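**Student:** Structure below; questions to follow.
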Amino acid sequence: MTTALAGQNPSTRDRAGETDTARRRKQSWAPYLFISPFYLLYVLFMLVPVVVSLWLSLTEWVGLGTPHWVGLRNYRLLATDISFHRALGNTAVFVLVAVCVVVPLALLIAQALNTRGLRVRDLWRTAYFVPVVVSPILVALIFGLVFDRQFGLANSVLRALFGTGGVDWLGDPSLAKVSIALVMLWRWTGYLTVFFLAGLQNVPRELYESASLDGAGRLRTFTNVTLPALKPVTAFVVVTSFIGAAQIFEEPYLLTGGGPAESTLSVTMFIYRAAFQRQQFGYAAAAAVVLFVVVFGLSQLVNRLLGIGRAS
Amino acid sequence: MYPPARPNRRALLRGALGMGTAAALSACGGGSTTALTSGDVTLALWTHDPGYEAFFEKGTPEADRLTDFRYHLKVTRAGASDVVTKLLAQAVAGRGTPDLVGFEIGSFPRMLRGDIAERLLYDLTDDIAAVPGLKDDLLPARTAPFSEDGRVYALDSDTPMVVYFYRDDLFERYDLPKEAVTWEEFAELGARVHQDHGASMCVVSTVGSDAGQVVQSFQMLLYQRGGAFFDADQNLVLDSPEAEEVLRFLCDGLRSGFVIDVSDYYGAAMQTALKQGRVIGLPMAIWYKNYGLVPNVPEQKGKWRVKALPRFAGGGAVTAAAGGTGFGVIKDKANTRAAKEFLFNTWLTHEGQVRRFTETGYLPTRRSVYDDPRLSAARDDFCGGQRLFPLYRDLLPQVPPFHQSPDQSILYDVLAGNLLRAYHGDLSPRQALKQTAADFGDQAGR
């Protein structure tokens, strides 16, 4: 003869089991429910546009009516498009300026702003950050006047100091790139300085004291203490600058319109022009896909080189 | 009787989602498409120029009188290119399109891409033909820019003739002729004036950010000389002896100082040059008086005059055309008929054409209006009381047609770059034109 567990009715035990199962099932859904808004937005604003762009890049579409399937024709045309090659080259120059000039300069400025005993520190910091928040249109207007060949401030200064002026900053293909680079320096440096400044303020004071006790000078302290400590911040800044420069649009669009002679045409401007000035949406989508692949691939490579995302 | 069951949370959410979807779909459906044939109507007008807004507002009573509608305008202003961008975006969305659109001439080629114009714009051709004598009265030179395959999709706002604006006082001071001479003779005189007084008598734009402006300064003289960008079949015809001649003329002028390059016809550079007397004359469309000279040098009122362009020794006309805005009607909308009738009864009536000139400074596009005595009698204060209209009337037969192509923006981009190279001496005029044709073929051929 078998007996039920003392105090336990079989039906009661079954109902308790069912309740536990339901509770566990409900609990197992909870995390997904809480993270679903992010993924919903991610799908809507990231995956769907990417998929649509991929599909559109295989079509010929003027913006109205039905896109016509053309397969890989847009990509084949891109491969031989001189303008696209020019845009890639220009963008590469801007990337190099951002990574090799702007980033180091931002670090040096941050180092200066972090110096102990600096007077009116907040004023200096504000001065460097102001360009970040100034309207791009206003920036273009100001620098357009500064760089004017005949009456600009830059040439006026050159005439006053060296007796020679008339430099065609925006009309000469080579100088136009220099002009864009100078505007990038002015606009972007302050933004990156903020990150470096935050990183510098988090470097343990003890490290500097130890270096000082060991007799390290300023340069050695900078290279052996500051730079290693800033590696994570530097990595982030480099990748951010790289991606930002690869997608540069505002400066060349507003200041030079991609000219003269496409000497400042960026890939993003190429895409914009193809889509909204020439009504070649399929072609623009193909260029956008190529840009995405290149930027994604290179940024992943940079991430690996700099050890971003790798557990220390 | 049992009380009604309370809906659970899931049912409530499902119902809310359904209602939201229904509301969204209703919103996407847009307004009614039943064509209005009379009564009160509010027309959505998109334009880049406040002058057109004022013109149409003032023309509303006349349109009310001549049609079965009572018109109200709802105007949206945006940049010339943005008007087209926004229009196409709304067209793709299937709602929110205007009834009447002003297409600045440089933006209209986007409507020629594929079948956009045919799909989106009302074809005005038959309506023009239905008005006795109108088709022959409209200037072909000004319907061409807004036509495709013989169909007219927009009506131009102006006959934007190119003339020569000059400082009368400085021409007298520098002993320069005011009567017709050839461009070549003019250039010799200009070189002397530049050497003696640091002034120039012709202008080209070298603004790197605006290909259209760079191209326009070359285009005006090119079309005067008899050259063109595209023919009536939208084929590129730029690489021509006329183009090479004109470009060489400008390049030589830049070296001698007869021609000055400015970074912007409308900006600080031109303003400074005008104020300093470094530009004492320039070829430009008639609208430049109101948009370039008056805003930049109002204190020079009474000192400027207008005359026909010098003629090239090799031939051609003494005028050309540059600029313009065509107003088109969006098809298949409830207000399409009302918009078309409004356009015809404000834009194309005799009184409307007269008002164009007296109120905006734009020239009529109907030949018959040029004989109106009210236009001949008008005097221009900025030009020292000069009666400009008789000059324009005399030039009218020489206005060349201007054909556009859906690939025009490609041409402007590549041509602007090569023009700058030629101006800087990096390319010869012939090389610049050959390179432009090659670049255009490469980009437009896809």
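**Student:** Cβ contacts < 8 Å: first residue under 9 Å from A:Pro131 (Cβ atoms), restricted to segment A:179-206; second residue open to solvent by 50 Å² or more (accessible area, probe 1.4 Å), any location; separation 6+ or different chain. Result?
**Tutor:** Here the result reads A:Thr189/A:Leu105; A:Thr189/A:Tyr128; A:Gly190/A:Tyr128; A:Gly190/A:Phe129; A:Gly190/A:Val130; A:Tyr191/A:Phe129, each pair linking segment A:179-206 to a residue that is open to solvent by 50 Å² or more (accessible area, probe 1.4 Å).
**Student:** Now for a separate question. Could you list, in sequence order, all residues of segment A:59-89 that are touching a residue at least 60 places away in the same chain (Cβ under 8 Å), closer than 19 Å to A:Ser266 by Cα and either within 11 Å of chain B (Cβ to nearest Cβ) or in a strand (DSSP E or B) (or both)?
**Tutor:** A:Asn74, A:Leu77, A:Leu78, A:Ser83, A:Phe84, A:Arg86
**Student:** What is the one condition in (1) buried (at least 23 other Cβ atoms within 10 Å of the Cβ); (2) at pLDDT 95 or above; (3) polar (S, T, N, Q) that B:Ser107 does not satisfy?
**Tutor:** (2)
**Student:** Continuing with this model, one more query. Which one of these is in contact with an Asp or Glu (Cβ under 7 Å, 6 or more places away or on another chain), farther than 21 Å from B:Gly323 by Cβ and open to solvent by 20 Å² or more (accessible area, probe 1.4 Å): B:Arg192, B:Arg119, B:Arg151, B:Arg173? Break it down stepwise before answering.
**Tutor:** On the way: B:Arg192 fails: in contact with an Asp or Glu (Cβ under 7 Å, 6 or more places away or on another chain); B:Arg119 fails: in contact with an Asp or Glu (Cβ under 7 Å, 6 or more places away or on another chain); B:Arg173 fails: in contact with an Asp or Glu (Cβ under 7 Å, 6 or more places away or on another chain).
Result of the check over B:Arg192, B:Arg119, B:Arg151, B:Arg173: B:Arg151.
**Student:** Does at least one position in segment A:90-99 carry a residue that is open to solvent by 60 Å² or more (accessible area, probe 1.4 Å), within 12 Å of chain B (Cβ to nearest Cβ) and in a helix (DSSP H, G or I)? Break it down into steps so the answer makes sense when it comes.
**Tutor:** Taking segment A:90-99 as the starting set, the residues that turn out to be open to solvent by 60 Å² or more (accessible area, probe 1.4 Å) are A:96.
When the remaining residues are screened for being within 12 Å of chain B (Cβ to nearest Cβ), the result is none.
Among the residues of segment A:90-99, not one is open to solvent by 60 Å² or more (accessible area, probe 1.4 Å), within 12 Å of chain B (Cβ to nearest Cβ) and in a helix (DSSP H, G or I), which makes the answer no.
**Student:** Within segment B:149-181, how many residues turn out to be β-branched (Val, Ile, Thr), outside any loop (DSSP other than H, G, I, E, B) and closer than 20 Å to B:Pro397 by Cβ?
**Tutor:** 2
**Student:** Run B:Asp196 past the list (1) touching a residue at least 40 places away in the same chain (Cβ under 8 Å); (2) over 20 Å from B:Leu420 (Cβ atoms); (3) assigned to a helix (DSSP H, G or I) and report the number of the one that doesn't hold.
**Tutor:** (1)
**Student:** Could you list, in sequence order, the residues of segment B:255-276 that are of a type in the set (Gly, Ala, Ser), modelled with pLDDT of 95 or more and not in a helix (DSSP H, G or I)?
**Tutor:** B:Gly257
**Student:** Within segment B:71-93, does at least one residue satisfy the condition of being away from chain A (no Cβ under 14 Å), basic (Lys, Arg) and within 19 Å of B:Gln408 (Cβ to Cβ)?
**Tutor:** Our first condition is that a residue be away from chain A (no Cβ under 14 Å); within segment B:71-93, this holds for B:71-77.
Checking which are basic (Lys, Arg) leaves us with B:74, B:77.
Subsequent filtering for residues that are within 19 Å of B:Gln408 (Cβ to Cβ) retains none.
Looking for residues that are away from chain A (no Cβ under 14 Å), basic (Lys, Arg) and within 19 Å of B:Gln408 (Cβ to Cβ), one finds none in segment B:71-93, hence no.
**Student:** Is it fair to say B:Val214 is among the hydrophobic types (A, V, I, L, M, F, W, C), more than 19 Å from B:Trp304 (Cα to Cα), in contact with a Lys or Arg (Cβ under 7 Å, 6 or more places away or on another chain) and assigned to a helix (DSSP H, G or I)?
**Tutor:** The answer is no for B:Val214.
**Student:** Can you name the residue in segment B:394-446 that is in contact with a Lys or Arg (Cβ under 7 Å, 6 or more places away or on another chain) and at the interface with chain A (Cβ under 8 Å from one of its Cβ atoms) and is also least open to solvent (accessible area, probe 1.4 Å) among such residues?
**Tutor:** Among those that are in contact with a Lys or Arg (Cβ under 7 Å, 6 or more places away or on another chain) and at the interface with chain A (Cβ under 8 Å from one of its Cβ atoms), it is B:Ile410.
**Student:** Does A:Arg273 fit the bill of being without any contact (Cβ under 8 Å) to a residue 40 or more places away in the chain, surrounded by fewer than 16 Cβ atoms within 10 Å (Cβ to Cβ) and touching a helix residue (DSSP H, G or I) at 6+ places or on another chain (Cβ under 8 Å)?
**Tutor:** Taking the combined requirement at face value, the residue does not satisfy it.
**Student:** Restricting to segment B:63-100, name every residue that is assigned to a loop (DSSP other than H, G, I, E, B) and either within 16 Å of the chain's Cα centre (by Cα) or surrounded by 15 or more Cβ atoms within 10 Å (Cβ to Cβ) (or both). Show your work before the answer.
**Tutor:** The initial filter retains those residues of segment B:63-100 that are assigned to a loop (DSSP other than H, G, I, E, B), namely B:67-68, B:78-79, B:94-99.
Hits for segment B:63-100 are B:Thr67, B:Ala78, B:Gly79, B:Thr97, B:Pro98, B:Asp99.
**Student:** Something else: Which of the residues belonging to segment A:187-202 are charged (D, E, K, R) and open to solvent by less than 20 Å² (accessible area, probe 1.4 Å)?
**Tutor:** Looking only at segment A:187-202, we keep the residues that are charged (D, E, K, R), and these are A:187.
None; the set is empty.
**Student:** Also, quick follow-up: For segment B:367-393, which residues satisfy the criterion of being outside any loop (DSSP other than H, G, I, E, B), crowded, with 21+ Cβ neighbours inside 10 Å and in contact with a strand residue (DSSP E or B) (Cβ under 7 Å, 6 or more places away or on another chain)?
**Tutor:** B:Tyr392 - this is the single residue of segment B:367-393 that is outside any loop (DSSP other than H, G, I, E, B), crowded, with 21+ Cβ neighbours inside 10 Å and in contact with a strand residue (DSSP E or B) (Cβ under 7 Å, 6 or more places away or on another chain).
Yes/no per residue for (1) at pLDDT 90 or above; (2) open to solvent by 50 Å² or more (accessible area, probe 1.4 Å); (3) among the hydrophobic types (A, V, I, L, M, F, W, C); (4) farther than 27 Å from A:Arg125 by Cβ:
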| residue | (1), (2), (3), (4) |
| --- | --- |
| A:Thr164 | no, yes, no, yes |
| A:Val167 | no, no, yes, yes |
| A:Asp172 | no, yes, no, yes |
| A:Leu185 | yes, no, yes, no |
| A:Pro204 | no, yes, no, no |
| A:Gly217 | no, no, no, no |
| A:Tyr253 | yes, yes, no, yes |
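**Student:** Looking at (1) over 27 Å from B:Ile116 (Cβ atoms); (2) in contact (Cβ under 8 Å) with a residue 24 or more places away in the chain, which one does A:Leu56 not meet, given that it meets all the others?
**Tutor:** So A:Leu56 meets the others, but not (1).
**Student:** Continuing with the same structure: Out of the helices (runs of 4 or more DSSP H) lying entirely within segment A:227-312, which hold 1 or more residues that are more than 14 Å from chain B (Cβ to nearest Cβ)?
**Tutor:** Numbers: elements: A:231-246, A:250-255, A:267-276, A:281-306.
The qualifying helices (runs of 4 or more DSSP H) are A:231-246, A:267-276, A:281-306.
The values are calculated or read from the model by the stated rules, or taken from the named source; none is laboratory data. Only a predicted model underlies this, so the values are computations on that prediction, with no experimental measurement involved. A quick note on method: Cβ atoms are made from the backbone with ideal geometry, for glycine too, and the neighbour counts reach across all protein chains shown. We work out accessible area using only protein heavy atoms, side chains counted, and drop any ligands, DNA or RNA first. Shrake-Rupley method; radii C 1.70, N 1.55, O 1.52, S 1.80 Å.
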